[in-house]
Amino acid sequence: MMSGVFARLVRRETAAHTLSGRFIVLVLLALALVPVALYQGTQTYAAQSEAVQRLRDQREAERSKASANPTGLQKEPGLRAIRTLVSSSILVRGMETDLAWDVAPAGIESVQPPLDATSRSATGALDLEFVIRVVLGLLALTLGGDLLARDRDSGTLHSLRCQPLSDSLIFAGKVVGGCIALGLAVLLVAMTSLLLLKLTGQFLTPELGTAIAALGATGFLYMTAMYGLGVLAATLMRSYAALNAAAISLWVIVALVTTPIIASLATLVQPVRSRIAVERDAAAAFDLHSRDLSDRLGDVFGQAAGPPTAWSQADSNLDLRHEIESGWREHVRTTRPSLRALHTAASASEAAQDRFASRLALLTPASAFTEAASAIAGTGDAAFRRWDTAARDYQSALEDQLFDDPPRIRIRVPESGRRALVAFNRHSALPSRDLPDFTGAKNDLPQRLRDAAPFVAGLTLFTILAIGLSFLGFRRSLATRN
Amino acid sequence: MNNAPTHLIEAHALSQWPTGGRIAVEGFDLSVSEGEICAVVGEAGAGKTAILEMLIGVARPSRGRALVLGIDTAVNPIGARRHLTYVSQQAALCEPLTLLGNVAFFAAVGSPGPQRTAVDCENAMRTVGIAERDLRSPLAGLPRHRVIAAWLAVALLRDTPVVILDDPSRGVSGQDSLQLIESVGELRRRGKTVLMATGDALFAGQLANRIVILKAGRKIAERRGSEVFGMSVAKLYLDYAGRVPTRVPS
């Protein structure tokens, strides 16, 4: 019997929500924004795909040339670490808005991050994450406020309480009914997205469909948490006007302001040096070490080889060769770790900033949803960090071959009060095609869902907490009335 | 042995002292037998609604007990409410539903009986005088007596032995008032026990076979059965309502 009564309570609440003007207007607004968001996403994706293809073609052309012998001292097309675009970046913008592709293995200039680490998920771009967070977030918050305030003001809540129904059952019926209405809203947005992508005919893949479903489910969780906050606000506010003002303020704070604030706070508390500055330092250190080494080896060469007319026979001087090799190995032994330490420290501080921002993101449902959404789409911090690690590993692999074991060593030999540049040959240059290929980091859907899991867990906790607190507030407001 | 309670509604020294020290209800006693229509008459603020809400278990008494079919409404409010239909002063219905939808909704959520069909609901609504054109009409703009009648239809469908009405005649006048009296009369014909609170002594006089006069939270007069017959309830009310409650007449 009780399940039938509960079902009626739920149906009535769902009808009350879905037939309200607020629901209709905000859902229509969300549905109107979906095509705009997807259009922007697909345009960016198409342009980036074209750029990626062009870079890949250049890389392949370079690597197929037998005569291409990279020196490792400059950016070369054959040494590009090109990231594979994820199609779900059309749903949630993030790191895919910029591409990073160049690797200069000498360690002078390294991969550039696509965006400042903390702003990757706070770009404010109009994407599906924005539509759900901002528009449907407002819907959830105001419907939650309505759940209690509307019925309290109209007297319907009193009529319900005068029936043989427990307060818990009334509350549960209201919450479940509200959640169904929210589920309907997010389902409409997800279905519209799928339909539009299907109509374009080129983007919809099973993986993208699953990503949309996962995004919708996470969005639903976020909306339920916002709904709970709305109910909680309604239990604390006596007047409907005050409640509306509180709901709007809460929406501005939670859905609009916290994500950029968290990004700024993370930057303040865990500052990160810009990659450009790090690379500048690395280049300066490299220059210093190299100049010092080539001068030192040049002095050795000058003393051993004699006048410039005898330099051409120096290659056959085994003692000299041994001395220069030893000097070079010493240089590699000291310079390489110091350059790597610079990059490792930069990566570590970025990762620390990401971790700090992630922890802060768990403080509000909107920021947790933003993180979860960008993780699901594969455009967030975790995916970036994996790609960054893969690119650095590739860079290290190249450095092992091109920097640490170069075909020739350039030394500066004293001559008539100046220094002349002499190349001391070691072995023949490696062609590009013999260098290792870049294998990108894994960024498939299961991995992305695992990335999103902590934020989804946070959202679940938020939802339970908000609904639980709002139930206590509901009981308290009824007790106050009595 | 028959353990059925003699009185379907009982109040024993029912008191409510809301915060702030003001007395809402003080030592209210009442016993309503099966089939009786009892009216609690008093001006606004006399404590009528407070008494009814304690009787249905929505509000807790500060002292005393309220029983419906022998069930203490403070201890088991939901159990007590299964045996009664309460029509609040606001008589609020659910906005997105039609009148018929509301009758079906409240009849279903309020009673454990078998599922009522739309035809059952329509018949009950016709019985209490709701016109065909109003059956499926939206709530907006419906006159109050139609809304009260819809609640009476809910009472018929739920078939509870007790019906409690809070100021049903408020804002209802003329022909509509007569229709309402006819509708409440239908409950009497079906043997329901009715307790109503009203500020309208004339309305009470048309229906009740027991009158209780309430002033400032205290019962100041009570007339039963044959005492009510033929007397002017309005006069009774005016006689007592103007006095300081020094004693309760026997």
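The values are calculated or read from the model by the stated rules, or taken from the named source; none is laboratory data. Predicted model only: the values in this text are computed from it and were never measured. FYI the Cβ positions are ideal-geometry reconstructions off the backbone, even for glycines, and counts take in every protein chain you see.
Taken across region A:389-397, residues that are of a type in the set (A, V, I, L, M), in contact (Cβ under 8 Å) with a residue 12 or more places away in the chain, over 30 Å from A:MET223 (Cα atoms) and touching a Pro at 6+ places or on another chain (Cβ under 8 Å) do occur, with at least one present. Checking each residue in region A:423-447 for being within 21 Å of A:SER312 (Cβ to Cβ) and either of a type in the set (Gly, Ala, Ser) or assigned to a helix (DSSP H, G or I) (or both) picks out A:ALA423, A:SER428, A:ALA429.
Could you please find all residues in region A:362-381 being under 18 Å from A:VAL252 (Cβ atoms), among the small types (Gly, Ala, Ser) and out of contact with any Lys or Arg (no Cβ under 8 Å at 6 or more places or on another chain)? Residues satisfying the conditions are A:SER367, A:ALA368. Taking region A:11-31 as the range and being of a type outside the set (Lys, Arg), within 14 Å of chain B (Cβ to nearest Cβ) and part of a helix (DSSP H, G or I) as the test, the residues that pass are A:GLU13, A:THR14, A:ALA15, A:ALA16, A:HIS17, A:THR18, A:GLY21, A:PHE23, A:ILE24.
Number of residues in region B:91-148 that are of a type in the set (A, V, I, L, M), more than 14 Å from every other protein chain (Cβ to nearest Cβ), free of Cβ contacts under 8 Å to residues at least 12 places away in the same chain and in a loop (DSSP other than H, G, I, E, B) equals 1. Note down all Cβ pairs under 9 Å where the first residue falls in region A:173-190 and is more than 13 Å from A:LEU26 (Cα to Cα), the second is buried (at least 24 other Cβ atoms within 10 Å of the Cβ) and among the polar types (S, T, N, Q), and they're at least six residues apart or on different chains. Pairs found: A:VAL175/A:THR224; A:VAL175/A:SER470; A:GLY178/A:THR224; A:CYS179/A:THR224; A:GLY183/A:THR224. Looking only at residues in region A:427-482 that are touching a residue at least 40 places away in the same chain (Cβ under 8 Å) and of a type in the set (Lys, Arg), the one that is surrounded by the most Cβ atoms within 10 Å (Cβ to Cβ) is A:ARG448. As a summary of the residue check, B:ARG116 satisfies the conditions (1) surrounded by 17 or more Cβ atoms within 10 Å (Cβ to Cβ); (2) farther than 25 Å from B:SER183 by Cβ; (3) among the basic types (Lys, Arg) except for the one numbered (2). Please determine, by comparing only the residues of region B:9-58 that are part of a loop (DSSP other than H, G, I, E, B) and of a type in the set (A, V, I, L, M), which one is modelled with the lowest pLDDT. By that ranking, first place goes to B:ILE23. The lone criterion from (1) under 26 Å from A:PRO365 (Cα atoms); (2) more than 22 Å from the chain's Cα centre (by Cα); (3) at pLDDT below 95 left unmet by A:GLU207 is number (2).
Looking at the structure I just gave you, is B:VAL75 within 20 Å of B:ARG170 (Cβ to Cβ), more than 13 Å from chain A (Cβ to nearest Cβ) and at pLDDT 90 or above? Against the criterion (within 20 Å of B:ARG170 (Cβ to Cβ), more than 13 Å from chain A (Cβ to nearest Cβ) and at pLDDT 90 or above), B:VAL75 does not qualify. For A:ALA181, indicate whether it is within 14 Å of another protein chain (Cβ to nearest Cβ), assigned to a helix (DSSP H, G or I) and surrounded by 19 or more Cβ atoms within 10 Å (Cβ to Cβ). Yes, satisfied. Pairs are defined by a Cβ separation below 6 Å, a sequence spacing of at least 6 or placement on different chains, a first member in region A:149-170 that is more than 7 Å from chain B (Cβ to nearest Cβ) and farther than 14 Å from A:PHE471 by Cα, and a second member that is modelled with pLDDT of 90 or more and surrounded by fewer than 22 Cβ atoms within 10 Å (Cβ to Cβ); the pairs so defined are A:LEU160/A:ILE170. Applying a threshold of 8 Å to beta carbon distances and a minimum spacing of six or more residues, or different chains, the list of pairs starting in region B:164-176 at a residue that is more than 16 Å from B:GLY205 (Cβ to Cβ) and at pLDDT 90 or above and ending at one that is among the basic types (Lys, Arg) and in a helix (DSSP H, G or I) reads B:ASP166/B:LYS48. The set of residues from region B:59-86 being part of a loop (DSSP other than H, G, I, E, B), crowded, with 20+ Cβ neighbours inside 10 Å and of a type in the set (A, V, I, L, M, F, W, C) comprises B:ALA59, B:LEU69. If you go through region A:347-363 one residue at a time, do you hit one that is basic (Lys, Arg) and either farther than 27 Å from A:ASP404 by Cβ or modelled with pLDDT under 85 (or both)? Yes, some residue in region A:347-363 is basic (Lys, Arg) and either farther than 27 Å from A:ASP404 by Cβ or modelled with pLDDT under 85 (or both).
Among the residues of region A:71-81, is there at least one that is more than 32 Å from the chain's Cα centre (by Cα), touching a residue at least 24 places away in the same chain (Cβ under 8 Å) and farther than 28 Å from A:THR370 by Cα? Within region A:71-81, one or more residues are more than 32 Å from the chain's Cα centre (by Cα), touching a residue at least 24 places away in the same chain (Cβ under 8 Å) and farther than 28 Å from A:THR370 by Cα.
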